[in-house]
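The values are calculated or read from the model by the stated rules, or taken from the named source; none is laboratory data. Just so you know, these numbers come straight off a predicted model, no measurement behind them. A quick note on method: Cβ atoms are made from the backbone with ideal geometry, for glycine too, and the neighbour counts reach across all protein chains shown.
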Amino acid sequence: MIRPHILLVAAASAVASMAAVAAPASMLAASNPFARPSTLPLQYPAWDKIRNEHFAPAFAEAMRQEALEIEAIANNKAAPTFENTIVAMERSGQLMNRVSTAFGTLTGSYTNDTLIALARDLAPKLSAHNDAIRLNPKLYARIKSLYERRAKLGLDAESQYLIERYHTDFVRAGARLNDADKQKLKEMNGQLAALSTQFAQNVLKEANASALVVDTRAELAGMSDKQIDAAALEAKKRGLDGKFVIPVVNTTQQAHLAVLSNRATREKLLAASMARGSRGGEFDNREVVLKLAKLRAERAVLLGYPNHAAYNLEDQTAKTTGAVNGLLAEFARPAVNNARKEAAEIQKAIDAEKGGFQAGPQDWGFYSDKVRAARYAFDANQLKPYFELNRVLQDGVFFAANKEFGISFKERKDLPTYDPDVRVFDVFDHDGKQLAIFTLDPYARATKRGGAWANAWVPQSKLMGTKPVIANNLNIAKPAAGEPTLLTYDEVRTTFHEFGHALHGMFSDVKYPRFAGSRVPRDYVEFPSQVNEMWMTWPEVLANYARHYQTGEPMPAALLDKVQASQQFNEGFRTTEYLAAALLDQAWHQLAPDQIPTDVLAFEAAALKKAGVDFDMVPPRYRTTYFSHTFAGGYAAGYYGYLWAEKLDADTVNWFKENGGLTRKNGDHFRKTLLSRGGTLDAMQMYRNFSGRDAQVRPLLERRGLTGE
């Protein structure tokens, strides 16, 4: 995929609100750190006080309190008003928000066996708790009454839109169903929650358990001595003294494939990656997938839709399966054609060597670097010495944000973190006042899920008087002690990308928690983050951070020129592997209940062939059995959203270029019309308010080098 994947993680609260009024008298022990809001700056979580044993009682009490709060709203004898119903709901669930935010953070970034077991236990309970709220007939009656009178209530635009969103949320959750169907829905939701948790945990456990194990250093030829030493240390940790272990990360392609010169080792590594979740044993996800697909389809039918994709897309900016299918189809043929041309170049590189062979998918990364080197006279490894993590962050990401928005950053060491590698920064607005707190968790670890993501530890809300605390998570390999963290080109892009999500959260300027920051349609949420990637290669920004980690010398102009010239290199591959995954997501979720297959891998193969992306040299970025985005991460029928949002992104990049580039004037306009608005109005109207027109697809086609087809 062209864009680095992120998985945007929201707090796991069972209710839309993320803050609360005074809760009922608490039965939670005063010693439990969740018993009261954090007293740290901006309600930053007290990670030094939170322990495994605090979560179960805190969740139990949070559900009890929230249920009482909701019952009080639903049973209020006074006629429904905006304040006593909608605003009261926005204020509810304070304890639930605190505990679920912390729990979601740790289960994603720093999990352990106790939290894994608790997550399995909690999934159906939280689902039932959510259903008890969304399917409460008295509560829905109050919301419906307000919805029908919304234009006559004299409310401001944000408040009226809040009523509309609550009404939509409840209807889509099944509030109009009869009692018998509501009971069916509750049972389905509980099963789906448990299955999604099982899928995610299988992926994480297998990623830690399955790895490439080799016997000799020679088999790892091409890796640096320090990387091989790290593989030996990993083997020792697993009780495999004398051997070498390369863990498998969450995507199909593995980073080491680009440097391993031993073809047999490459083949074993890719095979280990692609077999995940489908080779039998305790981590096999095939039956989980079939159950999830069937239950999602059945739930969609119960709610009045032909399939899960139709249900999901109705509430996105895409609206229909036809719109999504059309977008993906528009890109599929030219992307695969380009990938085939790239594969032919790889084959030529192989044929030029002694003992040539037929190229396979395990060879793409290794030989595409050779093709790049031949075509542009540089390889990707030449860039890494100029991409040291702290310089990328401070002199690249933060520098661009300062130029664009006037904000500044100051690192602080006094706030607690769940891991010593997490960094914390105060963020100051252009007027010097504190805007937010930003945290960065940069390194991969066995207790952390794969990918990169952002989430709000504290969301902004004028109603609640809160300022944002926003976290970024990356999965960069941690170097040996004393060694610099040197990033790949894609890791630099991911760092800029995730900070785009952070900006969306930090610039939020809304009244209601329901609309804070990134609480926008799923196929729109990636747009601000993808826009922020543009500054990675913006000449002024790149020149400021791309400096040699040892000498401080700037990246040579000739190398800079080569980087710019190679922007569309390997574009066919990256687009095709992304499209294959996005098309698989749609294929599974556009099935009716009676169309669910019995063989996961056979269905996958047939779906790729039908879509015209069955090119063996380019397997999907995620195969079905380890596709956590869609089966566990909130992107079900929504993985297309990266491409959908990139259409807006590419058009926005053109807007910036046409209007003078990296300037405060442009940044302030982007912030005022879009980043600060959260989910307070229709997303596409928000885009039109920013750009003055609808987005055009041509800039995206040009970016990906697909205009020739």
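Observations
- If you go through segment 526-547 and keep only what is touching a Phe, Trp or Tyr at 6+ places or on another chain (Cβ under 6 Å) and part of a loop (DSSP other than H, G, I, E, B), you end up with just ALA546.
- Whichever residue in segment 173-216 is among the charged types (D, E, K, R) and surrounded by fewer than 17 Cβ atoms within 10 Å (Cβ to Cβ) and, among such residues, is nearest to GLN316 (Cα to Cα): ARG176
- Complete set of residues in segment 427-461 that are more than 15 Å from the chain's Cα centre (by Cα) and at pLDDT below 95: ALA444, ARG445, ALA446, THR447
- Sub-7 Å Cβ pairs linking a first residue in segment 76-102 that is closer than 14 Å to ILE163 by Cα and without any contact (Cβ under 8 Å) to a residue 60 or more places away in the chain to a second residue that is in a helix (DSSP H, G or I) and of a type in the set (Asp, Glu), at least 6 apart or interchain, number zero.
- Leading residue by the ranking (surrounded by the most Cβ atoms within 10 Å (Cβ to Cβ)) among those in segment 512-553 that are touching a residue at least 24 places away in the same chain (Cβ under 8 Å) and in contact with a strand residue (DSSP E or B) (Cβ under 7 Å, 6 or more places away or on another chain): GLY517
- Scanning segment 566-575 finds one or more residues that are touching a Lys or Arg at 6+ places or on another chain (Cβ under 6 Å), surrounded by 17 or more Cβ atoms within 10 Å (Cβ to Cβ) and within 16 Å of THR252 (Cβ to Cβ).
- Where GLU498 falls short, out of the listed (1) of a type in the set (Asp, Glu); (2) touching a strand residue (DSSP E or B) at 6+ places or on another chain (Cβ under 9 Å); (3) over 22 Å from TRP644 (Cβ atoms): (3)
- Filter result for the condition that a residue is modelled with pLDDT of 95 or more, over 22 Å from LYS610 (Cα atoms) and hydrophobic (A, V, I, L, M, F, W, C), over ALA352, ALA343, ALA300: ALA300
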